[in-house]
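Engineer: Sharing a structure, written as structure tokens. Questions coming.
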Amino acid sequence: MSVLETGQRIRSLRPPKVHVNPYAAHGFSLEEERRPEGKLERTLTVFLAGAECPFTCSFCDLWRWTIDGPTPPGALTSQLERILQADDPPAVDRLKLYNASNFFDERAVPSEDLTGIARLAASFSGVTVESHANTIGPRTLAFAREIPGRLEVGVGLETIHPVAVSRLNKRLDLPRFDWAARFLSENGVDLRVFVLLGAPYVPAAESIAWTVRAVEYAVERGASVVSIIPVRGGNGEMERLQAEGRFTPPTLSQLEDALDGCLQFTSAAVTADLWDVERLPACEHCRSERVERLRRLNQSGRAESRIACGDCGSA
């Protein structure tokens, strides 16, 4: 099946998309985030509404937060401006802009918005955006030159499992990822990497090991931050793969194992993504304590004992 045919099948299985207003951001969050060497930064993450990513990855659920068609020029600047115009804005070090797509794809972020966003981001010491490795290039450097702070680009590596890499419909191979990592490093741009836990086509018994290997791969290529993201169902394609035995939803215990196994990589800040963590299968008696332990590890990067539970036998 061709990439186009695979993409059409993935889209055909999706549930209906909710209506998204291209002139209103989905929201924002404030948090302290660990950086390399243990530094904590006060971070404002803004979830922007715009065009859908064209790559149609099999595991993706971000499409539901995007609009149909290209992002209207000026819409993203307007969204960010409204968020930053708070009556009592908090002191923030880093601005993270997540648009559920590719920041350097002109269909998702028109040129005038690159300039408008750069103007609005002038007070932040660091700016993080997200983009597929294939869209990194001259527009990346142009934006980096426009902002006074240091740019960081979040790139989805997802997995290095040899079968899964070619089956995710991501249209990304490891040499292209390596090229993007070198390009960013050589031009003074930091690299943030997203790695999947429970990637489809990776045997469940090998899932943790392949996640740790992917994190190590990213760290070796200069990643400053690596986020481990448990794969979520709900897009139709993951349910199809689960029925075929090609996807097993990850558990909270597996997320703990993966993060514990990555604390050895001290040159980068490796964290567990806790978005929708309540959806991960887990013992209900000890779930909250184990999630809090993960939050502490995300902040400290230092190993600590696992939570003991008499009901599920975890320790």
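The values are calculated or read from the model by the stated rules, or taken from the named source; none is laboratory data. Values in this document were obtained by computation on a predicted structure and should not be read as measured data. For neighbour counting, all protein chains shown are included, and Cβ atoms are generated from backbone atoms with ideal geometry for every residue, glycine included. SASA here: full protein model, heavy atoms, side chains in, ligands and nucleic acids out. Shrake-Rupley method; radii C 1.70, N 1.55, O 1.52, S 1.80 Å.
Engineer: Condition first: open to solvent by less than 50 Å² (accessible area, probe 1.4 Å) and within 17 Å of Leu120 (Cβ to Cβ). Can you find one or more residues in the range 55-62 that meet it? Can you show your working first?
Structural biologist: Taking the range 55-62 as the starting set, the residues that turn out to be open to solvent by less than 50 Å² (accessible area, probe 1.4 Å) are 55-61.
Next, from what is left, pick out any that are within 17 Å of Leu120 (Cβ to Cβ): none.
Looking through the range 55-62, none of the residues is open to solvent by less than 50 Å² (accessible area, probe 1.4 Å) and within 17 Å of Leu120 (Cβ to Cβ).
Engineer: Something else: I want to confirm something. Restricting to the range 15-37 and keeping residues that are in a loop (DSSP other than H, G, I, E, B) and over 20 Å from Thr71 (Cβ atoms), which single residue is least open to solvent (accessible area, probe 1.4 Å)?
Structural biologist: The first filter runs over the range 15-37 and keeps only residues in a loop (DSSP other than H, G, I, E, B), leaving 15-26, 35.
Narrowing the set further to residues that are over 20 Å from Thr71 (Cβ atoms) leaves 15-16, 35.
Details: Pro15: 52, Pro16: 123, Arg35: 18 Å².
Going through the qualifying residues, I end up with Arg35.
Engineer: Residues being open to solvent by less than 10 Å² (accessible area, probe 1.4 Å) and either under 16 Å from the mean Cα position of the chain (by Cα) or of a type in the set (Ser, Thr, Tyr) (or both): count how many of those fall in the range 105-127.
Structural biologist: 1
Engineer: Now for a different question. For the range 278-307, what are the residues that are open to solvent by less than 60 Å² (accessible area, probe 1.4 Å), more than 25 Å from Tyr217 (Cα to Cα) and not small (Gly, Ala, Ser)? Lay out the reasoning, then the answer.
Structural biologist: Keep residues of the range 278-307 that are open to solvent by less than 60 Å² (accessible area, probe 1.4 Å), which gives 280, 282-283, 286-287, 290-291, 293-294, 297-298, 300-301, 307.
Now restrict to residues that are more than 25 Å from Tyr217 (Cα to Cα): 280, 282-283, 286-287, 290-291, 293, 307.
Within the range 278-307, Leu280, Cys283, Cys286, Arg287, Arg290, Val291, Arg293, Ile307 qualify.
Engineer: Then there is this: Within the set of pairs 6+ apart or on separate chains, which have a first residue in the range 157-184 that is within 16 Å of Thr211 (Cβ to Cβ), a second that is of a type in the set (Asp, Glu) and open to solvent by 30 Å² or more (accessible area, probe 1.4 Å), and C-beta atoms under 8 Å apart?
Structural biologist: His161/Glu206; Val165/Asp173
Engineer: Can you tell me which condition Thr248 does not meet? The list is (1) farther than 30 Å from Tyr201 by Cβ; (2) open to solvent by 30 Å² or more (accessible area, probe 1.4 Å), and all the others hold.
Structural biologist: Thr248 satisfies every listed condition except (1).
Engineer: Look through the range 67-85, keep the residues that are part of a loop (DSSP other than H, G, I, E, B) and open to solvent by less than 50 Å² (accessible area, probe 1.4 Å), and return whichever of them is farthest from Thr140 (Cα to Cα).
Structural biologist: Start the filter on the range 67-85 by keeping residues that are part of a loop (DSSP other than H, G, I, E, B), which leaves 68-74, 85.
Of the ones still in play, those that are also open to solvent by less than 50 Å² (accessible area, probe 1.4 Å) are 69, 71-72, 74.
On the way: Gly69: 22, Thr71: 18, Pro72: 20, Gly74: 19 Å.
Among residues in the range 67-85 that are part of a loop (DSSP other than H, G, I, E, B) and open to solvent by less than 50 Å² (accessible area, probe 1.4 Å), the one farthest from Thr140 (Cα to Cα) is Gly69.
Engineer: What are the pairs with Cβ atoms under 6 angstrom where one residue, in the range 124-136, is modelled with pLDDT of 95 or more and the other, located anywhere, is open to solvent by less than 10 Å² (accessible area, probe 1.4 Å) and among the acidic types (Asp, Glu)? Sequence gap at least six, or different chains.
Structural biologist: Final answer for the pair search is Thr128/Glu152.
Engineer: Could you check the range 165-184 and list, in sequence order, the residues that are within 23 Å of Leu241 (Cα to Cα) and open to solvent by 40 Å² or more (accessible area, probe 1.4 Å)?
Structural biologist: Hits for the range 165-184 are Ser166, Arg167, Arg171, Asp173.
Engineer: Moving to a separate point now. List pairs: first residue in the range 85-97 and closer than 18 Å to Ile147 by Cα, second residue charged (D, E, K, R) and modelled with pLDDT of 90 or more anywhere in the structure, Cβ distance under 6 angstrom, at least six positions apart or on different chains.
Structural biologist: If the second residue must be charged (D, E, K, R) and modelled with pLDDT of 90 or more, the pairs left are Val92/Arg42; Asp93/Glu41; Asp93/Arg42; Arg94/Glu41.
Engineer: For the range 4-23, which positions are in contact with a Lys or Arg (Cβ under 8 Å, 6 or more places away or on another chain) and hydrophobic (A, V, I, L, M, F, W, C)?
Structural biologist: Leu13, Val18
Engineer: Additional query: Tell me which residues, restricted to the range 210-225, are in contact (Cβ under 8 Å) with a residue 24 or more places away in the chain and assigned to a helix (DSSP H, G or I). Walk me through it before giving the result.
Structural biologist: Taking the range 210-225 as the starting set, the residues that turn out to be in contact (Cβ under 8 Å) with a residue 24 or more places away in the chain are 210-219, 221-225.
Answer for the range 210-225, where residues must be in contact (Cβ under 8 Å) with a residue 24 or more places away in the chain and assigned to a helix (DSSP H, G or I): Trp210, Thr211, Val212, Arg213, Ala214, Val215, Glu216, Tyr217, Ala218, Val219.
Engineer: Please tell me if Val195 is open to solvent by less than 20 Å² (accessible area, probe 1.4 Å), not polar (S, T, N, Q) and not in a helix (DSSP H, G or I). It would help to see each step written out before you state the result.
Structural biologist: On the way: open to solvent by less than 20 Å² (accessible area, probe 1.4 Å): yes; not polar (S, T, N, Q): yes; not in a helix (DSSP H, G or I): yes.
Yes.
Engineer: In the range 252-272, what residues are within 18 Å of Thr159 (Cβ to Cβ) and open to solvent by less than 40 Å² (accessible area, probe 1.4 Å)?
Structural biologist: If we filter the range 252-272 for residues that are within 18 Å of Thr159 (Cβ to Cβ), which is where we start, we get 254-255, 257-259, 261-262, 265, 268, 270-272.
Matches in the range 252-272: Gln254, Leu255, Ala258, Leu259, Gly261, Cys262, Phe265, Ala268, Val270, Thr271, Ala272.
Engineer: Can you confirm whether Gln242 is open to solvent by 30 Å² or more (accessible area, probe 1.4 Å) and either in contact with a Leu (Cβ under 7 Å, 6 or more places away or on another chain) or basic (Lys, Arg) (or both)? Step through it out loud before you land on a result.
Structural biologist: On the way: open to solvent by 30 Å² or more (accessible area, probe 1.4 Å): yes; either in contact with a Leu (Cβ under 7 Å, 6 or more places away or on another chain) or basic (Lys, Arg) (or both): no.
For Gln242, the condition - open to solvent by 30 Å² or more (accessible area, probe 1.4 Å) and either in contact with a Leu (Cβ under 7 Å, 6 or more places away or on another chain) or basic (Lys, Arg) (or both) - is not met.
Engineer: Search the range 1-30 for residues that are more than 24 Å from Thr43 (Cα to Cα) and pair each with any residue that is of a type outside the set (Gly, Ala, Ser) when their beta-carbon atoms are under 6 Å apart and the residues are at least 6 apart or on different chains.
Structural biologist: Thr6/Asn169; Gly7/Thr56; Ile10/Thr56; Ile10/Glu237; Leu13/Glu237; Arg14/Asn235; Lys17/Arg64; Val20/Ile67
Engineer: Here's something else I'd like to know. Of the numbered conditions (1) among the hydroxyl-bearing types (Ser, Thr, Tyr); (2) part of a helix (DSSP H, G or I); (3) farther than 24 Å from Glu152 by Cβ, Thr248 fails exactly one; give the number of that condition.
Structural biologist: Unmet for Thr248, out of (1) among the hydroxyl-bearing types (Ser, Thr, Tyr); (2) part of a helix (DSSP H, G or I); (3) farther than 24 Å from Glu152 by Cβ: (2).
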